[in-house]
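A.B. asks: Mind looking over this structure? Questions follow.
The values are calculated or read from the model by the stated rules, or taken from the named source; none is laboratory data. Only a predicted model underlies this, so the values are computations on that prediction, with no experimental measurement involved. Neighbour counts run over all protein chains shown; Cβ positions are idealised from the backbone, glycine included.
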Amino acid sequence: MHRSGLHVVLWLGLLLVSGCGAVAAGEKGKAVRVSLDSAQLSLAYEGERHALLIGISQYDDDAWNDLRYPGKDAEDLGRALADPRHGGFRSVTVLNQPEQTTRAAVLEALRELAARPWRPKDVLVVYVSGHGTLARDARGELQRYLVMRDTRFRDVQGTGLEMAVLERELEQLGSRRRVLVLATCHSGTGKSLLPPSVLEELERTKGAFPPRPLEEDSRASLVLSASDWGEAAREDDALANDIYTHFFVEALDGRGDRNRDGAVSATEAHDWARRNTWTYTQGRQRPSARMTEVGADPVLLSGTLTRPGQPEVFSYSPRLEGFTLKVDGVDAGELPGGVTLPEGNRRLGLHKGGEVLWEDTVALRPGERRALDSLLREFARGHRRTAALEVGALGFLDGRSRREVLPPTMMAGASLRWEGVLLERRLDVGVDLSAGQGRRALQLDVGGTVPVRHRAVMLGVTVGPSWQWGRLGVSTGPRVAALWLERSFQLDLLSQDERYVTVWPGWMAGVSWRVASQFVLEARGQLLWAYVPVDGRTRAVGFGGLSLGGGYRF
């Protein structure tokens, strides 16, 4: 069902906090006939699903409050994943007894995982529910730690399980569909306790909480959080679970199948739990998501793909958080998250505070999952050229030259600009070609007023930076132009043509206004300087030009 060769490394962090307090033998080469049914063959191609679920409710150090639901959370999730009607996982291992939840026992369980013959398309879910904390590592940097049953409050660094260690253990596996679920938090409340030194430091930190010590720099491809950083989530007696875990498990029975393809992906389960957690806690718990996009191949936690399903677009990028996704001009939801859309050509847009970050028409096919971050990159790559048609005027800057040498000439032409092609995408390159002609009387030194027909062709190259503020764009830079001029005097006694070519250096500046995602209006001005031979004499002249045009970005 998935595209061959597409490897997805997904790590899923779900941060949960309960409320404050304790709620918290034959010939070599001989062919052997093997019988495989279609289901077994499909499984061989699609990979197996395995889970290691850890729930830590009791702690040796009295400094850590015993918790009520971590063991049950692990069991409830395990039942949902093992259920052949839903998760259908090949193996589910639940560790929630005291002897199974020490640091040594958990590391041994991770080593046993590493010894398995993993294939890239195998799915692994590792779930840990219990206390979390922040502490300084050996380098003195603030890191996240998972509190094991035997973790000592006064020696978190030596007895806790650092998140970076867990991350490295999982990176050794051959599977590229890894989901790490952390039902812990590090806010200092609920399923969290902070050493005095960290508490003292936080009290001196401006703002509600310090910068994220791990997630923002993690090598994980996907980090989903059941609550925002530094925010207290909650266990709930009525649900007898962590609130987020309850709805995450609920999503696996099929309710989380947003696109109706028969399966529930990790992100679908998270989005279901995110919306319901927000509603249940009346907005006090804000599940969030962090994602570094590697691919759009989903990690399926429940069900089987039986049909293409509706198209989806999604984003878990921090830079898009808080943006509203509009589909055909109608609000479809706020990011992070995903939405399903009708197939066909859809006009998508990202809006925030009245500003439009991006708009484009996207063709969506059944079963397609499109990451908004990828669409933005495609848009940026695909709209870095602008072709424009222009009209304007070109003439000498000084009045004497306009009267005696060449009058202003109306010009029409075309230009092509490549954005960000030089110096690590800092400079644009533009090429333009224009031509014009006219009839005008010139005032000569002898002969008085003489009618003249004139023609001009100009080819120019400009290099320079550009800036964009919303719909407004500004560009500037040095310019070199080759100019061909012709003057034809039409007299009764004299018919004479003068032609010459010159190359001029100069400068260009322009402004543009984006009227749609692919159409712009442009205005450009240029100043050029050259020595021009006129009537047997070489004259230093300045030329100027103004043009208006419309462009198409592609």
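A.B. asks: Just need a number here: residues in region 446-470 that are under 31 Å from the mean Cα position of the chain (by Cα) and modelled with pLDDT under 80.
C.D. replies: Of the residues in region 446-470, the ones under 31 Å from the mean Cα position of the chain (by Cα) are 463-470.
Going one step further and asking which of them are modelled with pLDDT under 80, we end up with 468-470.
Within region 446-470, residues that are under 31 Å from the mean Cα position of the chain (by Cα) and modelled with pLDDT under 80 number 3.
A.B. asks: Turning to a different aspect of this structure: Please pick out the residue among 105, 51 that is of a type in the set (Gly, Ala, Ser), closer than 16 Å to residue 245 by Cα, at pLDDT 90 or above and crowded, with 17+ Cβ neighbours inside 10 Å.
C.D. replies: Numbers: 105 fails: closer than 16 Å to residue 245 by Cα.
Of 105, 51, the one residue that is of a type in the set (Gly, Ala, Ser), closer than 16 Å to residue 245 by Cα, at pLDDT 90 or above and crowded, with 17+ Cβ neighbours inside 10 Å is 51.
A.B. asks: Exactly one of (1) at pLDDT 90 or above; (2) more than 16 Å from residue 298 (Cβ to Cβ); (3) more than 27 Å from the chain's Cα centre (by Cα) is unmet by residue 234. Its number?
C.D. replies: Condition (1) is where residue 234 drops out.
A.B. asks: Then there is this: Looking only at region 494-527, which residues are at pLDDT 90 or above and either closer than 16 Å to residue 394 by Cα or surrounded by fewer than 14 Cβ atoms within 10 Å (Cβ to Cβ) (or both)? Steps first, please.
C.D. replies: Taking region 494-527 as the starting set, the residues that turn out to be at pLDDT 90 or above are 505-513, 520-527.
If the condition is that a residue be at pLDDT 90 or above and either closer than 16 Å to residue 394 by Cα or surrounded by fewer than 14 Cβ atoms within 10 Å (Cβ to Cβ) (or both), then 505, 506, 507, 508, 509, 510, 513, 523, 524, 525, 526, 527 are the ones that fit.
A.B. asks: Name the strands (runs of 3 or more DSSP E) wholly within region 54-142 that hold at least 1 residues that are assigned by TED's automatic domain parsing to the domain that holds residue 170 and closer than 25 Å to residue 256 by Cα? Write out each step before concluding.
C.D. replies: On the way: elements: 91-95, 123-129, 132-136.
The strands (runs of 3 or more DSSP E) meeting that bar are 91-95, 123-129.
A.B. asks: Could I ask something else about it? When you scan region 244-275, how many residues do you find that are part of a helix (DSSP H, G or I), of a type in the set (Gly, Ala, Ser) and crowded, with 22+ Cβ neighbours inside 10 Å?
C.D. replies: 4
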